[in-house]
1. What is the packing order of peptides 161-168, 139-146, taking the mean over residues of other C-beta atoms within 10 Å and listing the highest first?
2. Nearest-5 percent of antiparallel DSSP beta bridges in the chain?
3. Please give the FRET efficiency for VAL217 paired with HIS181, using the beta carbon to beta carbon distance and R0 = 25 Å, rounded to the nearest 0.05.
4. Scan around TYR145 for amide H atoms under 5 Å from its own, H built in the peptide plane at 1.01 Å from N, and keep only partners 5 or more places away or cross-chain.
5. For region 106-129 and region 177-228, what is the centre-to-centre distance using only Cα atoms, to the nearest Å?
6. Counting only heavy atoms of protein chains, what accessible area per residue, in Å², does region 16-132 have with a probe of 1.4 Å?
7. Which cross-chain or sequence-distant (5 or more) residues have an amide H under 5 Å from the amide H of VAL33, H modelled 1.01 Å from N in plane?
8. Of LYS4/LYS170; LYS15/LYS162; LYS4/LYS150; LYS83/LYS170; LYS114/LYS205; LYS170/LYS213, which ones are farther than 27 Å apart at the Cα?
Amino acid sequence: MKSKVYLTREITPEKVVELYRALGVALPGRVAVKVHSGEKGNQNFLRPEFWRPMVETVKGTVVECNTAYASGGVRDHTESHWKLLEEHGWTRYFHVDLMDAQGPDLIWPIPQGKVLRENHLGRNMVNYDSMLVLAHFKGHPMGGYGGALKQLSIGCASRAGKALIHSAGKTDDRYETWKRHADFVAFPEAMADAAMSVVEHFQGKLAFVNVMKNLSVDCGCCAVAEDP
């Protein structure tokens, strides 16, 4: 069944809420709100002030996971990631859950996966009944672009899970994955496999909002991205 898609050219926090309500999706129980919190130095990520009315509408918890960078960036370790979440203002406005701050990871099988056979995720994912994916739609050096699918896959994966996706299942070692990085075909296929496991877990209790604002060729993961 094809999804209904609603569009607006007016990019404001209020319009985000209006479009969400147009979806007619009820997100029950504890709602995980997946955002991109922005790498240190990145100038283009969408700030918590922009997302605040939407997160408050669903009474959600902002969720993130650590990154798999072998070097560079500060979101690859829990302590420095928490500090950055505070610096960027996320903890000022919201309850925030760094889902893989404590192990062990969740490991979900993907029996129908084209590239991956399992997905490694932040263990706290099971604490939520539904998910709202708030995606900053922009470019990405390997995926071509980053949006809702990347939030479901890379965004929900633990460090080991991110390594598996980036290497198309070859390794869960973040120091090895950059030597064995997937090509431009296998990487998005691995993302699709990982995203599928999250979609199946929530069984329709999902909603997606993509915002094309500060539209750069670079991801919010980049310490200094190209200007929009």
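The values are calculated or read from the model by the stated rules, or taken from the named source; none is laboratory data. On a predicted model such as this, the values are computed, not experimentally measured, just so you know. Because the Cβ atoms are built from the backbone with ideal geometry, glycine has one as well, and the counts that use them run over all protein chains shown. We work out accessible area using only protein heavy atoms, side chains counted, and drop any ligands, DNA or RNA first. Shrake-Rupley method; radii C 1.70, N 1.55, O 1.52, S 1.80 Å.
1. 161-168, 139-146
2. That works out to approximately 35 percent antiparallel.
3. Working from the Cβ atoms, E equals 0.85.
4. Residues meeting the criterion, in which the H sits 1.01 Å from N, are HIS140.
5. Distance between centres, Cα-based: 16 Å.
6. 45
7. So VAL33 has HN proximity to THR61, VAL62, VAL63, LEU132.
8. LYS4/LYS170; LYS15/LYS162; LYS83/LYS170; LYS170/LYS213
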